[in-house]
Amino acid sequence: MYVAVKGGEAAIDNAHALLDHERRGDPSVPELSVAQIREQMTLLVDRVMTEGSLYDPDLAALALKQARGDLIEAVFLVRAFRTTLPRFGTSEPIDTDTMRAIRRVSAIYKDLPGGQVLGPTFDYTHRLIDFALAAEGEPERPAESQAASEVMPHVASLLDGERLIEREPAADPNIPVGDLTREPLDFPAGRDLRLQALARGDEGFVLALGYSTQRGFGRTHPFTGEIRIGDVEIEFVPEELGFAVPLGEMTLTECEMVTQFTGSAAQPPQFTRGYGLAFGRGERKAMAMALVDRALRAREFGEEVAAPAQDEEFVLSHCDNLQATGFVEHLKLPHYVDFQAELELVRRMRAEHEAGGQTDALEAAE
Amino acid sequence: MNEHAQATGYNFAYLDEQTKRMIRRAILKGIAIPGYQVPFASREMPMPYGWGTGGVQVTAAILGPDDVLKVIDQGSDDTTNAVSIRKFFARTAGVATTTKTVEATVIQTRHRVPETALRSDQVLVYQVPIPEPLRYLEPRETETRKLHALGEYGLMHVKLYEDIARHGHVATTYAYPVEVAGRYVMDPSPVPKFDNPKIDDCEALQLFGAGREKRIYAVPPHTKVRSLDFEDHPFRVQTFKDPCALCAAEGVYLDEVVLDDRGGRMFVCSDTDYCEERREAGHRGHLAGDDPLSPVGRGRVAEGDRVREEHKSDSASPSPRPSPHRGEGEEALP
């Protein structure tokens, strides 16, 4: 029977109609609203924004609805939208020192200026399924108090007072920050591009790489200097005004890892930094990113580059889940032309193999 | 901007003009340095990486309102991805589309070069998954760029030599490496090596786009493109013992179609447009019916069944059930 691949057009349209139908599920169950997803699937929305590189909770929630909850598909929708947006400028660097933090923890000091603020966290919960949640009901109101007006200096700046931690180079307005979505990535990539790639990178992939450094594949002896989550203001300088105007606020998660460095001929022993940043509440991602950022700085500190997490080309070429999923899934596209070429080759090689086997047998008989 | 594009809310052919200019600069550089992989700021497209985003961006950058676009995948205009890409440009650019090679001004392709010789007023745009011919020999981009810069292709020659030492012939059947204009070794994309001779001295401009890998390269018209080989082991292409079962074409690339679960096979043109043109011109293969376009033209399952029925009852047909190996033969010099 010869089934030609004709009429693909109608088949595709039908397949997509079926997809829409399946996405809706049982029509007797009320339809999810975008607002429900945005408000109640917040961590998922945050992750779509982070990996989609676009801070827009409503759009991320809509993408999740359209993607039937598939994370990478939602990221895909957001990225394909983002790529068409005009760029009218670059914001001022955000100042996380002024973050209104809802959570701020440090693992290297018991107490510190600004205090330890637990905030909403899964940490220390018992992971027991709460069957009461299956029934709808309002949770108890959390305790409230006046927000502390105390500033929260970064932990690294406390270490900096003693010159125990590397100094970050000051921002140079003459050196524009790279953007790998606008310029092709070139190796070796600067730290700006590495951080951008990691921030957009797949949380699972970055997590596994960070984990691998803890297990000895590029060991960096990390400590969580600080994690902070909260709102920061975005400021922009329009050319015609010449001063910064606020554009709005966004929620960020920032993590700074502090790692040991034994020093080199040029530098005294000191602590070094790994940095992680995610949109919304992305603590796991920010921590993993900070670990990998530090691992990728191996060459900078004259450390041996031996592990995957230290290998810039390996990490940057493979951390993007859209690129990964696209290329893996393209294997379901037809390959019959190439497979035909391989079929022919294998048949010919088998024929030669059999012919060769007979000659061997003849020789043995003689 | 035409009506179609206005209706979609996107710029003509989806990409904004700045992006198109950036891609055109990369294309021009590629044309100036044949076979050299030009890095470009590949955009995120509304189709997945690995599904032709590079080709789509090149096509979007060169497409004008008067162009006639043809899109093929595996030689066919009707494979799902070809349909999808053709619809994309019909929607975002409103350009005329065609399935006929001779009518098209821009042809985007995946894995094949059309059998009909291309003309100087046509552009062939290849979708490329891995643009780096040395990638499987050296995974690092930093290294392979150095090797290209130095023209150091020893790795590739050793690989081909080892194939010959082990198998008696080169064991690469598609994405067979070529040397372009005597300088750069280039991956012709995963076309069967059968198509390599068509890339050489082609009248049409050939552009290659790799979206995920962010590379564009080009073979300008009438450029010498040599498939790598050795004096005592010259490059050979696949040949097929039998002609196309539908249009009786010889010297073309054939797809093997499994007819039943008892080893029955038929071999038909991979280039569906070529096959249809020939059947319209009256050529008949041994399994073709009387209707010029019966099996492929509207060929769904039902027609396929009918072909088999006709074929069974046709006593003049040379062999009721083709043997599994009958379609292929030796390799021949191009």
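None of the figures in this text is laboratory data; all of them are computed from the coordinates on show. All of these numbers come straight from a predicted model, not from anything done at the bench. Here the Cβ is made from the backbone with ideal geometry for all residues, glycine too, and neighbour counts use every protein chain on show.
Some points to look at:
- Globularity index of segment A:97-223, i.e. its alpha-carbon radius of gyration over 2.2 N^0.38 Å: 1.46
- With distances taken between every two different alpha-carbon atoms, segment A:17-82 has a Kirkwood hydrodynamic radius of 11.8 Å.
- When chain A is treated as a GNM with alpha-carbon contacts under 10 Å, the residue of A:V48, A:V328, A:V232 showing the greatest mean-square fluctuation is A:V328.
- Each peptide in A:171-182, A:288-299, A:92-103 was scored by the mean count of other Cβ atoms within 10 Å over its residues; highest first, the order is A:288-299, A:92-103, A:171-182.
- Degrees between helix A:42-52 axis and first principal axis of chain A (Cα, 0 to 90, nearest 10): 70
- Around B:G182: net Lys/Arg minus Asp/Glu count, Cβ-Cβ under 9 Å: +2
- As a proxy for reagent exposure, A:L209, B:L15, A:L85 were ordered by neighbouring Cβ count within 10 angstrom, fewest first; the result is A:L85, B:L15, A:L209.
- For segment B:35-74, Kirkwood radius (reciprocal of mean inverse C-alpha pair distance, Å): 11.9
- Top of A:A147, A:A197, A:A307 by mean-square fluctuation, Gaussian network on chain A, Cα under 10 Å: A:A147
- If the convex hull is drawn through the Cα atoms of segment A:51-129, its volume per residue in Å³: 168
- Computed over segment B:37-161, the range of Cα coordinates on each principal axis works out to 45, 32, 26 Å, biggest value leading.
- 3J(HN,Hα) along segment B:13-23, derived from phi through the Karplus expression 6.51 cos²θ - 1.76 cosθ + 1.60 where θ = phi - 60°, amounts to 6, 6, 6, 6, 5, 4, 4, 4, 5, 4, 5 Hz, with x in place of Gly and Pro.
- Per-residue mean of C-beta atoms belonging to partner chains within 10 Å, peptide B:169-177: 4
- The Stokes-Einstein estimate for chain A, based on a Kirkwood radius over Cα pairs and taken at 25 °C with 0.890 mPa s viscosity, is a diffusion coefficient of 100 µm²/s.
- Peptide B:70-83 is shielded by partner chain Cβ atoms: per residue, an average of 5 of them sit within 10 Å of its Cβ.
- Scalar couplings 3J(HN,Hα) for segment B:265-274, obtained by applying the Karplus form with A = 6.51, B = -1.76, C = 1.60 to θ = phi - 60°, are 9, 9, 10, 10, 3, 6, 7, 5, 5, 4 Hz; x denotes Gly and Pro.
- Residues with amide H under 5 Å from that of B:A96, placed H, sequence gap 5 or more: B:L69
- Look at where the Cα atoms of segment B:240-259 and of segment B:17-75 average out, and the two centres are 32 Å apart.
- Binned Cα-Cα distances of the protein assembly as shown, short to long, each 10 Å bin given as a whole percent: 3, 12, 20, 21, 18, 13, 8, 4, 1, 0
- Residue mean of other protein chain beta carbons inside 10 Å, A:174-183: 2
- The aspartates and glutamates whose alpha-carbon is closer than 15 Å to the alpha-carbon of B:K214, local same-chain residues fewer than 8 away aside, are A:D179, A:E183, A:D186, A:E313, A:D320, B:E44, B:E132, B:E141, B:D187.
- Across chain A, the longest run free of exposed loop sites, meaning chymotrypsin sites (Phe, Trp or Tyr not before Pro) lying outside DSSP classes H, G, I, E and B with no more than 10 other Cβ atoms within 10 Å, spans A:244-366.
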